[in-house]
Amino acid sequence: GGLLDVVLAPDFAQSRRVWLSYTEAGTNGAAGAVVGYGRLSDDARQLADFKVVIRQEPKLSSGANIGTRLAFDRDGFLWIGFGDSFRSSTAQDLDQLQGKLLRLNADGSVPQDNPFVGHKNARPEIWTLGMRNPQGLALNPWTHQMWESEHGPRGGDEVNIPQKGKNYGWPLATWGIDYSGEKVPESKGGQVEGTEQPVFYWKNSPAVSGMAFYNSARFPQWKNSLFIGALKEKNLIRLSINGEKVVEEQRLLTDRGERIRDVRQGPDGYLYVLTDESNGKLLKVGLNEGADAPRG
């Protein structure tokens with residue numbers, strides 16, 4: 001739990017609005033995600049007038065699978081990826097926010113063209129369902145599509161391009177197995193009619209975390225790349241992208257032995273990588289000139 005994501009509003013230069021997602025305890029001993037925004041003070045020391053926009057209710061999580069990544073698209077819509085709170089069936093329930101990708105207006109209201117607006121017993125904020133535990137959310141700078149990455153159970157980590165109103169399967173369809181080593185109880189296999197296939201998946205989970213597209217001329221060797229952190233594997237994954245397909249996979253920072261929680265491209269064309277350790281670090285990562293090996 002704790003603080004889950006931080007993003008700036010697209011009009012931050014004027015509004016100074018900062019969006020946060022974080023975990024909030026409930027009266028029943030369980031927790032849920034909260035998303036809201038405040039205004040960064042002129043001295044950049046505090047957020048003022050913080051407003052909560054949406055809460056996961058009912059609160060169901062004991063601390064696992066909260067997910068909750070935030071991203072804005074080029075039209076100014078806010079996308080929110082909520083985990084299933086380790087209650088897998090909720091991902092298929094349209095009256096609950098767990099296991100869903102949401103889409104909101106920049107002020108937190110519901111866009112009227114969301115797929116479940118006006119549907120009885122469905123939350124209008126929902127864009128897609130059947131997500132397990134979103135850990136990455138990033139806008140593809142070339143196609144302007146939102147991409148999402150998520151933890152599978154034991155195996156079956158995924159990368160998806162979430163399409164309006166579609167069902168991404170969890171827990172009915174998964175390429176992973178249960179933590180017990182047995183089949184996920186609700187699973188009907190990797191491919192299930194009425195559900196969408198991931199763009200890419202790992203049979204053995206690297207435990208994916210935050211992700212970012214690379215769209216800078218500084219390191220042309222990284223052109224058309226998607227970078228994803230790995231917690232279990234303790235490395236940085238580079239996926240080469242061609243349209244909507246992953247055509248190559250590479251592992252970077254393999255010698256550090258540190259869990260990687262998030263990755264972003266900086267305005268200088270370098271990658272900025274957060275490690276998830278008791279002595280966590282912010283790493284600045286680039287390439288040696290004429291080489292494919294990263295340097296920090």
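Given the criterion crowded, with 19+ Cβ neighbours inside 10 Å and either part of a loop (DSSP other than H, G, I, E, B) or of a type in the set (Lys, Arg) (or both), identify the matching residue among 264, 238.
None of the other options fit; the residue is 238.
Just to be sure before I move on: is residue 117 at pLDDT 95 or above, among the aliphatic types (A, V, I, L, M) and closer than 20 Å to residue 92 by Cβ in the structure I sent?
Yes, satisfied.
Look through the range 10-42, keep the residues that are of a type in the set (Val, Ile, Thr) and in a strand (DSSP E or B), and return whichever of them is farthest from the chain's Cα centre (by Cα).
It comes out as 18.
Scan the range 127-182 for residues that are of a type in the set (A, V, I, L, M, F, W, C), assigned to a loop (DSSP other than H, G, I, E, B) and either touching a Gly at 6+ places or on another chain (Cβ under 8 Å) or more than 17 Å from residue 73 (Cβ to Cβ) (or both) and jot them down.
Within the range 127-182, 131, 170, 172, 173, 175 meet the criteria.
Can you go through 73, 42 and tell me which one is free of Cβ contacts under 8 Å to residues at least 40 places away in the same chain, of a type in the set (Asp, Glu) and farther than 18 Å from residue 150 by Cα?
None of the others qualify; the one that does is 42.
Which one is surrounded by the fewest Cβ atoms within 10 Å (Cβ to Cβ) among residues in the range 24-39 that are within 19 Å of residue 71 (Cβ to Cβ) and among the aliphatic types (A, V, I, L, M)?
Looking at residues that are within 19 Å of residue 71 (Cβ to Cβ) and among the aliphatic types (A, V, I, L, M), I get 34.
Before we move on, is residue 128 touching a Pro at 6+ places or on another chain (Cβ under 6 Å) and either within 15 Å of residue 170 (Cα to Cα) or touching a residue at least 12 places away in the same chain (Cβ under 8 Å) (or both)?
So residue 128 fits the description; yes.
The values are calculated or read from the model by the stated rules, or taken from the named source; none is laboratory data. What you see is a predicted model, and the numbers here were worked out from it, not measured in a lab. Cβ sites come from the backbone with ideal geometry, for glycine too, and all protein chains shown count toward neighbours.
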